[in-house]
Each structure stands twice: as C-alpha cells, then as structure tokens.
1. May I ask you to evaluate 6.51 cos²θ - 1.76 cosθ + 1.60, the Karplus curve with θ = phi - 60°, for each residue of the stretch 145-158 and list the ³J(HN,Hα) values in order in whole Hz, giving x for glycine and proline?
2. So who's got an amide H within less than 5 Å of the one on Ala356, skipping anything under 5 residues away but keeping other chains? H placed 1.01 Å off N, in plane.
3. Report the dimensions of the stretch 132-222 along its three principal axes from the alpha-carbon atoms, largest first, rounded to Å.
4. Between the stretch 141-212 and the stretch 27-62, what's the alpha-carbon centroid distance in Å?
5. Just to be sure I follow: if Rg is taken over the C-alpha atoms of the stretch 1-145 and Rh is the Kirkwood radius over the same atoms, what is Rg/Rh?
6. For the chain, what proportion of DSSP beta bridges, expressed in % and rounded to the nearest 5, is antiparallel?
7. Any idea of Tyr287's accessible area? Nearest 10 Å², probe 1.4 Å.
8. Tell me, Kirkwood radius of the chain from alpha-carbon pair distances, in Å?
Amino acid sequence: MNGAQALMRTLVNAGIEVCFTNPGTSEMHFVAALDSAPGMRAVLCLFEGVATGAADGYARMADKPAATLLHLGCGLGNGLANLHNARKGKVPVVNIVGDHATYHVQYDAQLQSDIETVARNVSPGFVRTSRSTAELCRDAVDAVKAAKGLPGQVATLILPADVSWGAGGMAEPAPQIASPDAADDATVQAIASVINSGGRTALLLGGRALRESALLAAARIAAKTGIKVYAETFPTRLERGAGLPAVERIAYLAEMASVQFKEIDNLILVDAKAPVSFFAYPGKKSYLPPDSCAARTLSTPEQDAAGSLEKLCRKLGADQIAPEPAPASRPGRPRGKMLTAEKVCKAVGHLLPANAILIDEAISSGLMLSKFTAGASRHDLITLTGGAIGQGLPNAIGAAIACPDRPVLALIGDGSSMYTIQALWTLAREKLNVTAIIFNNASYSVLNMELERVGAEDAGPKAKAQLDLHGPVLNFTQIAEGMGVHAVRAAETEEFLGALERALATPGPHLIEAVVPPALAGLKLKLLPHILGSLDSMPQPIARMLKRKIAP
Ligand SMILES: Cc1ncc(C[n+]2csc(CCOP(=O)(O)OP(=O)(O)O)c2C)c(N)n1
Ligand SMILES: [Mg+2]
C-alpha cells in the first residue's frame, strides 16, 4: 500500500466514514485512494469553506468527526472561518491538508506557504506535518484521538505529497478513546452546598450539556430547588421542542443578558464559559454577570457534562423528580398578505416536521424563531457558534449526510448565504433532504443596528452603502436553479406557506427565497438603543417583559 491508501484504511478503521473534499495536485494520491476504501464516502465541495462547514455540521449530528481534504495553505485559508466555528463549538474535525513533497519545499514554488501557521489558529491542540510514509498512519491515529477526545477539536494533519505516494504504508487499528470522567465528589458536594445556601442560583449549560440527558438532569435539579437554567447564546447543538425541558438562552444583546443575570448570585457553569458580550461597546461592560455574582464550575469541557449533572441531581435528592417538559404548542398559520421575517419564523414553527434539524443563521430575521418553535415537535437546533457567517448552508450538507432520514431546515440571511453559496451545488449533487430558506432583505441588516450601538457618528451614504445589498438585488431563485436546486421565490405569506409545505413533502433539496423587509428598521431600529440603554434602570418585571418582546 502507498501512504494514501494506508491512511484511508486507518481513517475508516477509526470510524471516519465521510471526507469533504476540495483537492488539488498535491492530494491526487489521496483522491486515487478513495476507490480503495468502500467505507469512505467522498463529497466534493466547490469551496473549502463549504467543505469545512460541512464537516462541522456532520460532526455536530453524527457525534463523530468527518475528514476534510484541503489543498495546501491557500485551500486551508479558504476554509478557516468554518473551522473557527467548529473550534468555538468544540466540534471534532479531522482536517487533512495536502502539501508539496518534502524535498520540493526548499524551492518555494508557487503554492508553497507556511501551512502550520495557518492551521494553528483553528487547530491549537493538534497540528502535525507527517514526515514519512512509515509514520503517517500513527500520525493519523493521533489526529483522530485529538479530534475526538473531549472537548472535541479541529486536528490538522498535513500530508506531504511524497509521504502520500511513498510505498510501505501500514494501516493502524482504531484508537482507544478514554471515556471522560464526571465531576469529582468534592466538586459536586461544593456545588450542592451553593445551591442549598438559599442564594439565587443559575446553571449555565453549554456544549454537550445541551443534549437530552443533561437537560433532563438540569430540569430535575431546577424542579427540586427552584434554581434557573440558562443555555449559552449560540449552542453547538441544542435538543429542544415538545417533551423536552425548555431552556432559556442567554441573549445576544449584552443589555438583555444583563437583565437575565440581574437576579443571580451564583452561576454554575456546565461545559460553558462565564458569558461575555459578543463585542465590546464604548462605555459598556464586556463581562456580563454582575460583580456580586460568583461563577463556579461543575464540569469543564474535558468532563462528562451529563454524568456530572446526574451526580449533582442525586446529591440534591432530585433524581426521582419528573422534570417539566415543554408543552406541545404550535403557532397558527401566519396571516396577512405581505411576508415578513416574523411570519416566516411562525410558518416554520407551524409546519416544522417531527425530528427535524433546524439550522439558524437567519441573523436579524430569526429573532422570533426560538419562540415560534419552542413547542414544535422535538428537534435539534444548530447555531453560529463562532460568529463567522457562511456556516449555515455548509452545516446543512453535513447534517443531512449524518442524518439522512431527518428533514433539515436551514434558515439563512441573504448576506450570510453568499459567503458559501456554492453549498447549493453539493446539496443538489448529493440529493440531500434540505430545505434552505434565504431571507432576502437586501441588507446586512444587523449591522445597521450595530452601527447605532457602537456609537459611530456621522455615518453618511458611503457608510450606509457598505451595509446595503440593493443594486443589483440578488436573485436567489436563479442562483439556486443555476446550481441544480429547485427554488421558489415568495413575497406573500400564502405563497411562502405553500412553498414550504411542498418542499417538506418532496425529497431532495429546495430553496425558498423569502423576500422580506428588514426585521429591525424604521422606528424599531431608532428606539432600540434607547430601550437597551434604559433596561438596567427599569423595574425588573418590566425589563424582563421588554426582553421577551424584543428577543424571546
Ligand atoms: C466571516 C464574517 N465576515 C463578516 C462578518 C460581519 N457580519 C456580521 S453579520 C453580517 C451581515 C449579515 O447579513 P445577513 O445574513 O443578510 O443578515 P441580516 O443582518 O440581514 O439579518 C456581517 C457582514 C461576520 N460575522 N463573519
Ligand atoms: Mg440580510
């Protein structure tokens, strides 16, 4: 076997079944080796950001990594934003980057670059250039171990062309991955004492603590002790819907998050960091919990979140309590002729099929999505963990490949969709059951709000033009059809409902272009900074009510 063939076998032995590729000359032996490995599915993506985002979406749903195949430093660079999102979401990815043959490096040929430096930012725990065919498969096993161990991470294996084509490759068996420990008894005891101390306490759940078993344990604890349970703002994967405990997410806007933290003396972290504001704003705090609130950790991202919560549950005598599930309740059909982002979210809540995977990169158009889907059939929610837009459509590829029997709905802003719009072609080629809804509001709408919030004064027409996507207005229906995806444009509510019903009933990918006005515009946009600025001085019940209205 050559190196590439042995590597392919090693990956399959380690349970890696899918490789998202965008190859070049230095990866040709790896590409050729694909046909020697029936257990490896290869999925061509037409931009590296699609391949990396697909690997991210796949691992979130399959609970194991996929591989990527990228072309040298430039290809890796193109894929960085979605590897960044995977890193922030603690998602495992085995990131394979081809390189020049080892002896070719000295000549500084056209595509020569410092790949390790490019990789280190998204792959801080594991970057390795394999030095020989003999060592390659052991390197691959180390990469898989690094990716899969808790917390999941992006592990980058750099594969020089001569290591790949060299003879004498030896495939390795699957690595042993130790199962993580739960929090130790002393920690569980200390946290139980905090909860029993009578102060106002909240659990903040992140990462793997947003899956069913952890959510159930947290809900039992809440039912027994009356503490609050929050979820981090941008979950990697949140299991939710009717029958599961509902959990309130920390708001994106810092002023609103402060309302959520106002009543909290003790914050208990479970696979989560103490929350900070997404950006800094002049004169506003970065660290969100008040000074009077002490943050303590029940379990770190290295530990077993559900196991730790279950231990805490037993310690508090809450393990026999029936947790309160979210009731089944769907919004009615949206009415009124003109389509709005809110009506799209309502329609999604009205029609969401059972067991769906919902991907939210709707940005400002998705403000009401959580509220309208809270009582829908049980589903998984995937969000923009690292804030680097262009994640949603690639994630949909990966999620649909990981879960071929589940419907995938991806709600994407028009601006966000354009970073990785080539994902549509892969959806068509692989015939994936994905309904992509693109909110065409012809704007980087959320940035109009940010412009106000950062206090940038004197924004004139040149500044505003940088946030405006009119002229030419994008036609997503034509773009999708040009890539082989069935597409419908809807500017009216009934049109949209009909298109969504048909898309959900018909296998294969669909795109619905929802032509909507910006959700935050006019008076709402003008008033928002004032409302946010005064939340802190309002009586708490009024502040909470306003928060629920603006960002439920
Ligand atoms: C990789 C990357 N580039 C740029 C940004 C900055 N950014 C944040 S939101 C946004 C615009 C989003 O527009 P759209 O998807 O249309 O959503 P809308 O604001 O209209 O709701 C931009 C450019 C980012 N977050 N990530
Ligand atoms: Mg937009």
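1. 4, 5, 5, 7, x, 7, x, x, 8, 7, 10, 9, 10, 9
2. It is Asp380, by chain and number.
3. Dimensions of the stretch 132-222 along the principal axes of its Cα atoms: 67, 21, 19 Å.
4. Between the Cα centre of the stretch 141-212 and that of the stretch 27-62, the gap is 22 Å.
5. Values: Rg = 14.0 Å, Rh = 15.1 Å.
On the Cα set of the stretch 1-145, Rg over Rh gives 0.93.
6. Values: 7 of 71 bridges.
Of all bridge pairs located within the chain, approximately 10 percent are antiparallel.
7. Ignoring ligands and nucleic acids, Tyr287 comes out at about 100 Å².
8. On the way: mean 1/r = 0.0408 Å⁻¹.
For the chain, inverting the mean 1/r across all distinct Cα pairs yields 24.5 Å.
The values are calculated or read from the model by the stated rules, or taken from the named source; none is laboratory data. All of these numbers come straight from a predicted model, not from anything done at the bench. Using ideal geometry, Cβ is built from the backbone for each residue, glycine included, and neighbour counts are taken over all protein chains shown. Note: areas computed on protein heavy atoms with side chains; ligands, DNA, RNA excluded. Shrake-Rupley method; radii C 1.70, N 1.55, O 1.52, S 1.80 Å.
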